[in-house]
1. Mind listing the long-range amide H neighbours of ASP65? Cut-off is under 5 Å, sequence gap 5 or more, other chains count too, H placed in the peptide plane at 1.01 Å from N.
2. Which one, VAL268, VAL297, VAL136, has the greatest fluctuation when you compute a Gaussian network model over the chain with C-alpha springs under 10 angstrom?
3. When the helix-only estimate is applied to the chain (DSSP H runs of n ≥ 4, each -39,500 (n - 2.57), divided by the residue count), what is the mean residue ellipticity at 222 nm, nearest 500 deg cm²/dmol?
4. Please identify, among ALA43, ALA214, ALA299, the residue showing maximal mean-square fluctuation in a Gaussian network model of the chain using a 10 angstrom Cα cutoff.
5. Given springs between every Cα pair under 10 Å in a Gaussian network model of the chain, which of SER146, SER103, SER295 has the largest fluctuation?
6. Alpha carbons only, please: Rg and Dmax for region 57-183, in angstrom.
7. Could you derive backbone 3J(HN,Hα) for region 177-186 from the dihedral phi with the Karplus parameters 6.51, -1.76 and 1.60 (θ = phi - 60°), listing whole Hz in sequence and x where the residue is Gly or Pro?
8. Return the ratio Rg/(2.2 N^0.38 Å) for region 30-90, where Rg is computed over Cα atoms only.
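The values are calculated or read from the model by the stated rules, or taken from the named source; none is laboratory data. What you see is a predicted model; the values in this text were computed from it and never measured. Cβ: placed from backbone, ideal geometry, glycine included. Neighbour counts: every protein chain shown. Side chains are part of the model used for accessible areas, which takes the heavy atoms of the whole protein and leaves out ligands, DNA and RNA. Shrake-Rupley method; radii C 1.70, N 1.55, O 1.52, S 1.80 Å.
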Amino acid sequence: MRNDPPSGPGAPGRDAPPVAADAGVSFVMPVLNEADYLRRAVASTLAQEVPGPVELVLALGPSTDGTTELARRLAAEDDRILLVDNPAADIPVGLNAAIRASSHPTVIRVDAHSELSPGYAARALETLARTRAGNVGGVMRADGRSPFQRATAWAYNSPVGLGGGAYHGGSREGEAESAYLGVLRRTVLEEVGLFDESVRRGEDWELNLRIRSAGYRVWFDPALSVTYWPRERWTRLAQQFFATGRWRGELFRRYGRRNSLKYFAPPVLVLLLALGLVVGALQAVGAVAVASAASAVYAPLAAYVALVALVALGARGGERFGWRERGWLLAVLPTMHVSWGTGFLTGAVRGAHDTVDTSRLSGRNTPLP
């Protein structure tokens, strides 16, 4: 389904400046410890067929798994690949370095842990031209190779897992709060000031907030699809979601009610869990009667447990999705919710400060969503 933006006198919002169809595209990709994924990510990017010149700028963090050496080999094989250093390893720093090193009027963000679907760039350019939006994004289609990763991917793709944002499975084209990865006009990026380098997680949401505040539309097109490979281990998933939640808490401190209500569901769950533990302890020592009204705190927790169990048992994900994947879902969903919610409350109270996501490299940030 296609929704063209309002037009004519009095139409809301600003149109991004038009660009010639063959003016060229700059892909920008932050990279850190992605030796197992980088070659396929680069191949899916350079396979995109668009009119005009193409370049891919890799912002190289301090990898320890041979990623940098692989990137240099890829650059030696294809002169469309440019390399820039990102010693801080932070997402927005790497993205800004890549953007500044690039030269074409349309910038497409890609990630080393993702693969663009065929025709992604051509469709994105058509959508940008048609809607005159400030930013265009599509669907993150998570996938997995192991039972755990497939369970995590299912949770990513489900409203129960990540709250039902458009880019996690929406099907209706139109204006959106944010965009996954993003296809942007350089003039819009430069006008709003590129990525905020003080925001280590949620930098895409913060950028899109500024784009919308400047009067431009952020546009969701479900025909744009990117395959995303989630974390491969339970502990790494928990680390990732705690860091992401803490930065969302920081964004709540900065922007308050501009944050969508969906972001408050996980912290409410964590508060209910904490209250349940307190009530349980008081009941254990006889300070609160077991049958008292205080026991009502258990009702929403019981409902949550039942929801997770029903979702896990009823999940369908094709022939590769069996009982092992459903078993992992029983762990994955609470891990995502509780880790994210605990991080949010910590960030909302204390701020994010120098919190990093250590799920890919201990003590370092990761430039991946």
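1. Amide H to amide H, under 5 Å and 5 or more residues apart or across chains, ASP65 pairs with ASN33.
2. VAL297
3. -14000 deg cm²/dmol
4. Maximum among the listed residues: ALA299.
5. Comparing SER146, SER103, SER295 in a Gaussian network model of the chain, the most mobile one is SER295.
6. Using the Cα atoms of region 57-183, the pair Rg, Dmax is 16.5, 44 Å.
7. Karplus-based 3J(HN,Hα) across region 177-186 equals 6, 8, 9, 6, 6, x, 10, 10, 7, 4 Hz.
8. Scaled against compact globular proteins, the figure is 1.10.
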